[in-house]
Protein chains: 2
Amino acid sequence: MVIMAGGSGTRFWPASRNARPKQFLPISGRQSMLAETFARLEGLVPAERVLVVTAAHQAQQVRECLPQLPAENLLAEPMARNTAPCVAWAAHEIARRNPDALQAVLPADHVIEPVEAFQRTILAAAKAAKEVDALYTLGVEPTFPATGYGYIEAGDAFGQMDGIDVLGVKRFVEKPKLERAQEFLQQGGFYWNAGIFVWSSKAILAAIETHVPALIQGLARLDAGEAIESVYPELPSEPIDTAVLEKAGNVRVLPVSYSWNDVGSWAALPDVHAADSDENYRVLSEGAKLIAHDSKGCVAYAEGERVLALIGVENLVVVQAGNATLVCPRERAQDVKLIVERLKKDGPEFL
Amino acid sequence: MVIMAGGSGTRFWPASRNARPKQFLPISGRQSMLAETFARLEGLVPAERVLVVTAAHQAQQVRECLPQLPAENLLAEPMARNTAPCVAWAAHEIARRNPDALQAVLPADHVIEPVEAFQRTILAAAKAAKEVDALYTLGVEPTFPATGYGYIEAGDAFGQMDGIDVLGVKRFVEKPKLERAQEFLQQGGFYWNAGIFVWSSKAILAAIETHVPALIQGLARLDAGEAIESVYPELPSEPIDTAVLEKAGNVRVLPVSYSWNDVGSWAALPDVHAADSDENYRVLSEGAKLIAHDSKGCVAYAEGERVLALIGVENLVVVQAGNATLVCPRERAQDVKLIVERLKKDGPEFL
């Protein structure tokens, strides 16, 4: 199992900061998204068989989040180089330990429920990968015409595994406009690309060798004793999707129908949290308190021994984290990036 | 000069707290309202002739706000007993030091501008008090039909002092409904009761003797050597207005037309602050920052090294102070008291 925990998102500012991106936040519950992702694997594989790839400057936070993770299972990237080097390094490392191992690659900052359904699909994909050594992705059945997700258009059926279809992949589709997303939904056969992959080290390394040979050549220098610090900066910085999966001929998709959400902004919290009795969505750390008077539909986030008091407001995002406070309507949550841009120039101490 | 600084207001929660009421906040500028009130007397009287009456538990804060105040000029009330005991104690103390002194009594938490006009009216009232030993109040010419202020209905004219009318007082009027306030404005002869008084110690002590003799009897025990701690709890707890002024026959009012505001809630900030270039009203302590994107008409208050980020909101009050954040529309600012009530029950650590 490979958990990719190197993200540096700013869409959850001010809770997410340079030093503490989304995967370390308790966005979806009481513990960090990374810890929830790890917990989601319980019973599937032991901690000894989970690798976490993260940024070197976040390594200590990963250790604190996941005290049960063996030290040698933490791969610290000297710098962010997008997901292709991350996936390749993890596959290279797993192959070094066990050349025949299968692996699942999982983002650290998604919400997936229920756990049982998730584990069932990972097991099915693994079984399929044992039978046919291809590159498997999980495609989430769309429940609405999402414009914030990439899609996978499925092709021919290759049969079923444990009751789940195994389909070919016609193509990967970038985040569509609403009209196209509606067509996808109506037409069927289009799935959200959840960024969850299952494959053998051999299969993914072979595909990388074909499509991004520089990656494999770079990683070979590790075997020759070179340090990751000198190798990594020279690896091509690309997403695994566009660098490999969109080009490979042996990609398959397993449609899954559990609840999946990449929680892309504060506005997504109502999708992954039940409303409280006042119809607000609260994410409060231990000791934090919300007092909502005549207020509803608000996303309220507070950390530490703090109180948020709302009077007569609706559908606002109100976040109190560290030295910053954010107030915006839910539908403007994506504009948090504009604040982050402003602060880069004239308030880096708040990032 | 007597500055009454014993208030315990909660209408500026979360900036105002039990331990730090409004007079200690920089509501109207860079320094506390108390310090501004003190500064407003500069050139009128030396610091040696300013008494500050405050609650014992706020005495240290007063000393920090007003380092120039002589130690013996701070009267610390063992408990709040409303304004009549406060005024009586101050008059008693001034009479003890100088039996013939005049005094002005000023609340510590009002905004008055310009200073020159204020000083001119205090001097005029003092001159009038020297000529005729009555109880003088300043009545602010209303500029709109305010329902949040008490009014003074003026009576016969007693001539002028330094170009300012000296009028008799027909009656004091409680905060009126809008319709009556409109009548007052139309009819003329009604003034806002600013709670600013000028009189000789003799005149006010005589009036108290007549209308609240228990106060004078209590204060006499101080002269017999009894401690304020044992005297004060037994003094009648009443406002000076209703206990004495509304009953006394020798009250006069000087109409004044400077800008006066008791800054009764967060909603009053736009009345005492100029808008910034984004049309927001900001009160930020040193190191605090506001980033307003596509937001206007907001009252933004922050203390310390903090940033408030607003996106796409209008006419909100957003306050970040200590361990609490408040968000409400400007027109709901008076409902802060409901939050304070809730916290008394289930969050006293936030008060």
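The values are calculated or read from the model by the stated rules, or taken from the named source; none is laboratory data. Since this is a predicted model, take the numbers as computed values, not measurements. Heads up, the Cβs are rebuilt from the backbone with ideal geometry, glycines too, and the neighbour counts pull from every protein chain shown.
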### Query
Any idea which of A:Ser32, A:Ser16, A:Ser28 is in contact with a Pro (Cβ under 9 Å, 6 or more places away or on another chain), of a type outside the set (Asp, Glu) and buried (at least 20 other Cβ atoms within 10 Å of the Cβ)?
A:Ser32
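For every residue, the table says whether it meets (1) closer than 15 Å to A:Phe197 by Cβ; (2) in the same structural domain as A:Lys202 (by TED's automatic domain parsing); (3) under 21 Å from the mean Cα position of the chain (by Cα).
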residue	(1), (2), (3)
A:Ala134	yes, yes, no
A:Leu138	yes, yes, yes
A:Glu141	no, yes, yes
A:Tyr149	no, yes, yes
A:Ile152	yes, yes, yes
A:Phe158	no, yes, no
A:Asp162	no, yes, no
A:Lys170	no, yes, no
A:Val173	no, yes, yes
### Task
Search the stretch B:276-310 for residues being at the interface with chain A (Cβ under 7 Å from one of its Cβ atoms) and touching a helix residue (DSSP H, G or I) at 6+ places or on another chain (Cβ under 7 Å), and hand back the single one that is farthest from A:Ala15 (Cα to Cα).
B:His293
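Would it be correct to say that A:Leu310 is within 19 Å of B:Cys328 (Cα to Cα) and among the aliphatic types (A, V, I, L, M)?
Numbers: within 19 Å of B:Cys328 (Cα to Cα): yes; among the aliphatic types (A, V, I, L, M): yes.
When the stated conditions are applied, A:Leu310 passes them.
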### Query
What is the one condition in (1) more than 30 Å from B:Leu269 (Cβ to Cβ); (2) modelled with pLDDT of 95 or more; (3) not hydroxyl-bearing (Ser, Thr, Tyr) that B:Ile164 does not satisfy?
(1)
### Task
Considering every residue within the stretch B:319-329, establish whether at least one is among the small types (Gly, Ala, Ser), more than 10 Å from chain A (Cβ to nearest Cβ), within 28 Å of the chain's Cα centre (by Cα) and more than 26 Å from A:Glu331 (Cβ to Cβ).
yes
### Evaluation of B:Asp335 against (1) under 30 Å from B:Ala104 (Cβ atoms); (2) among the charged types (D, E, K, R); (3) crowded, with 17+ Cβ neighbours inside 10 Å (one fails), failing number
(1)
### Query
Which one of these does B:Val313 not meet: (1) crowded, with 19+ Cβ neighbours inside 10 Å; (2) facing chain A (nearest Cβ under 7 Å); (3) in contact with a His (Cβ under 8 Å, 6 or more places away or on another chain)?
(3)
### Query
Is at least one residue of the stretch B:106-114 surrounded by 17 or more Cβ atoms within 10 Å (Cβ to Cβ), in the same structural domain as B:Gln31 (by TED's automatic domain parsing), touching a Phe, Trp or Tyr at 6+ places or on another chain (Cβ under 7 Å) and acidic (Asp, Glu)?
no
### Task
Provide a single number: the residues in the stretch A:338-351 that are among the hydrophobic types (A, V, I, L, M, F, W, C), more than 7 Å from chain B (Cβ to nearest Cβ) and surrounded by fewer than 19 Cβ atoms within 10 Å (Cβ to Cβ).
1
### Summary
Among the residues of the stretch A:241-284, the number that are within 17 Å of the chain's Cα centre (by Cα) and not hydrophobic (A, V, I, L, M, F, W, C) is 9
#### Entry: Per-region count, the stretch A:115-160, residues within 23 Å of A:Ala248 (Cβ to Cβ), among the small types (Gly, Ala, Ser), surrounded by fewer than 21 Cβ atoms within 10 Å (Cβ to Cβ) and out of contact with any Leu (no Cβ under 6 Å at 6 or more places or on another chain)
3
